[in-house]
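The values are calculated or read from the model by the stated rules, or taken from the named source; none is laboratory data. Keep in mind the model is a prediction, meaning the values are calculated, not measured. Every residue, glycine as well, gets a Cβ built from its backbone with ideal geometry; the counts of neighbours run over all protein chains shown. To get the accessible areas, we keep the full protein, side chains included, count just its heavy atoms, and leave off ligands, DNA and RNA. Shrake-Rupley method; radii C 1.70, N 1.55, O 1.52, S 1.80 Å.
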Amino acid sequence: DGDQVRVGIKGYQSDQQSRAITLVVNDKEIAEQSIDVSPSGRAIVIFDGVQFKPEINRVRASLLQPDALEVDNHFNYAVDRSPPEPVPLITVNPYSRSVTYMSTALRTVGAPGNSQTAANWTVEPVMVDNFNPRTLERYNWVLIDDIGAIPQALEEELVRFLQAGGAVFAAAGE
């Protein structure tokens, strides 16, 4: 099990050569592989079974024998395996089409700047009458499928939530 990491190598005005690449995840070297690169050619090294922690992981691929262009001997990037972020969906009817549509949309799009999809958010439908505004501080943002159904007391709490840096995505109902 685990993920696959691909590392590309390109020769520039180079002869046939064997290159060794090391893969480091979260400051721990996890693998090393060698590959032959044709003259001025390209090659891809595949590291299978890479285990990432359920958080943001720091990844570094490096050539073990540096070449003349030092700046490209290392490549750093991040892999985000953070657990899904819960998002309350305040609704009049947790079985409505709008709940289905909004939940499906969030499973489809993924987080901004993140190549992953489907696992970035977990929609938690809650009936407007059962929503406890004291829980707002747990969330970065809130979905509302019918802004007209929000009672005055919850509206005031949502305003405070917004003023404190939270976000609300609200629709006008079905």
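Just to confirm the number: angle between the C-alpha axis of helix 97-109 and the first principal axis of the chain, 0 to 90 degrees, nearest 10?
On a 0 to 90 degree scale, this one is about 20.
At 222 nm, what value in deg cm²/dmol follows for the chain if DSSP H runs of at least 4 each add -39500 (n - 2.57) and the sum is divided by all its residues, to the nearest 500?
-4500 deg cm²/dmol
Students sometimes get this wrong: rank ASP145, ASP72, ASP80 by accessible area, probe 1.4 Å, all chains present, largest first.
Ranked from most to least accessible, the order is ASP72, ASP80, ASP145.
Using a/c under 1.5 as the rounded threshold, could you call the chain rounded, prolate or oblate? The axes a ≥ b ≥ c are square roots of the C-alpha gyration tensor eigenvalues, and prolate needs a/b larger than b/c, oblate otherwise.
prolate
I'd like the FRET efficiency for GLN152 and GLN51, computed as 1/(1 + (r/R0)^6) with the beta carbon distance as r and R0 of 30 Å, rounded to 0.05.
0.05
Between VAL71 and TYR101, what's the calculated FRET efficiency when r is the beta-carbon distance and R0 is 45 Å? Round to 0.05.
0.45
Mind checking the dipole of the chain: about its Cα centre, +1 per Lys or Arg Cβ, -1 per Asp or Glu Cβ, Debye to the nearest 20?
Numbers: 14 positive and 23 negative charges, 44 e Å.
With only Lys, Arg, Asp and Glu charged at Cβ, the dipole is about 220 debye.
Quick check: at a probe of 1.4 Å, how many percent of the accessible area of the stretch 1-136 sits on carbon and sulfur atoms? Please report the intermediate quantities before stating the final value.
On the way: 4400 of 8630 Å².
It is 51 percent, rounded to a whole number.
Using the heavy atoms of the protein chains alone and a 1.4 angstrom probe, what is the accessible area of the chain per residue in square angstrom? Walk me through the intermediate numbers first.
Details: 11100 Å² over 174 residues.
Counting only protein heavy atoms, the per-residue value for the chain is 64 Å².
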